[in-house]
Amino acid sequence: MVSSAFIGSSFIIKKKGLRKASVKGPRAGSGGYGYLLEPLWWIGMITMIIGEIANFVAYMYAPAVLVTPLGALSIIVSAVLAHFMLKEKLQKMGMLGCLLCIVGSTVIVLHAPEERSISSVEEIWAFATQPAFLLYTASAVATALVLSLYCAPRYGQTNIIVYIGICSVIGSLTVMSIKAIGIAIKLTLEGTNQAKYLQTWIFAMIAITCVIIQLNYLNMALDTFNTAIVSPIYYALFTSFTILASAIMFKDYYGQSAGSIASELCGFITVLSGTAVLHSTRDPDTPLITDLYTPLSPTVSWPIQGNGELWKQKDEDGSTPSFITNVRQDYFK
């Protein structure tokens with residue numbers, strides 16, 4: 001609950017910081033990093049870190065498939081604050097999408113499996129290196145690379161799923177690494193030192209790398225799209241991939257009844273349905289204008305003709321360039 005409140009607030013604070021930074025230089029959505037010099041963005045960052053610390057503590061004592069869906073509260077916090085602080089409003093169907101996400105998450109929480117007892121980081125490493133999870137990791141990295149290298153330059157400014165997709169698939173790996181670190185700290189505090197294992201530091205390096213990637217693309221998403229849409233879609237996709245990763249790595253569903261698994265699947269489908277509703281009903285986002293000479297109203301172009309032939313004019317160097325006249329027509333007058 002505490003984590004969701006801080007994380008939901010951080011979305012809004014960072015958004016305001018990104019807006020202020022965009023006035024002074026290139027926007028984050030265009031690849032700029034001027035927000036790093038904006039104090040308001042850092043306040044939002046600190047707020048998010050506090051929320052993630054609360055999440056970190058929760059991951060030490062509960063399975064990821066239980067902790068992650070509880071982040072639904074951050075959607076409500078973000079939507080309410082966006083309404084009052086950013087003047088961003090959801091359509092009625094968008095509100096229904098938020099509700100579907102929350103209902104689906106509640107169903108998942110009610111039927112979540114119990115936490116497994118783990119005695120060392122080496123045991124977690126054995127889970128992480130099993131073929132099924134290695135295949136998931138390779139797929140997640142490949143998906144993130146395709147989205148970042150191919151899709152982001154072409155569709156990142158118009159399709160919200162590109163940036164959020166990168167954050168979500170990488171975020172699932174972040175959660176697995178953070179959970180491993182959390183368990184290591186818990187075991188160390190109980191008297192079994194886990195810092196002596198190389199695997200602990202490998203998990204730490206993976207977590208740091210994934211967090212940096214997440215933050216970069218989350219900033220791009222917040223700078224480009226409506227916060228009231230970014231927050232629910234990010235939550236839904238991030239939760240879905242995290243549940244999948246946890247189920248593969250820790251085998252959370254072993255020993256559960258068919259009824260519980262079916263209920264969780266229904267909750268998962270409900271979350272995805274809410275995501276689809278939110279994405280299909282969002283207001284169109286104003287595209288970023290990167291060319292100062294791009295016309296702001298419709299234009300019609302044609303060659304000026306005289307006596308049935310294109311009109312040409314000799315240049316001083318003897319070349320014969322064709323002249324095209326752009327006639328701007330304002331259809332709204």
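The values are calculated or read from the model by the stated rules, or taken from the named source; none is laboratory data. Just so it is clear, the model here is predicted, and its values are computed rather than measured. Cβ atoms come from the backbone with ideal geometry, glycine included; neighbour counts cover every protein chain shown. The area values use the complete protein model at the heavy-atom level, side chains included, leaving out ligands, DNA and RNA. Shrake-Rupley method; radii C 1.70, N 1.55, O 1.52, S 1.80 Å.
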Loop chymotrypsin sites (Phe, Trp or Tyr not before Pro), the range 107-178, which have at most 13 other Cβ atoms in a 10 Å radius of their Cβ (DSSP): none
Under the Karplus curve 6.51 cos²θ - 1.76 cosθ + 1.60, θ = phi - 60°, whole-Hz ³J(HN,Hα) for the range 249-254, x wherever Gly or Pro sits: 6, 9, 6, 4, 9, 5
Nearest-10 value in Å² for the accessible area of PHE6, using the 1.4 Å probe: 80 Å²
Packing-based order for 166-178, 91-103, 203-215, using average beta carbon neighbours within 10 Å, highest first: 166-178, 91-103, 203-215
Around ALA132: net Lys/Arg minus Asp/Glu count, Cβ-Cβ under 15 Å: 0
Principal axis box of the range 62-204, alpha-carbon based, largest edge first, Å: 52, 37, 28
Karplus (6.51, -1.76, 1.60) ³J(HN,Hα), θ = phi - 60°, over the range 92-99, in Hz, Gly and Pro reported as x: 4, 5, x, 5, 5, x, 4, 4
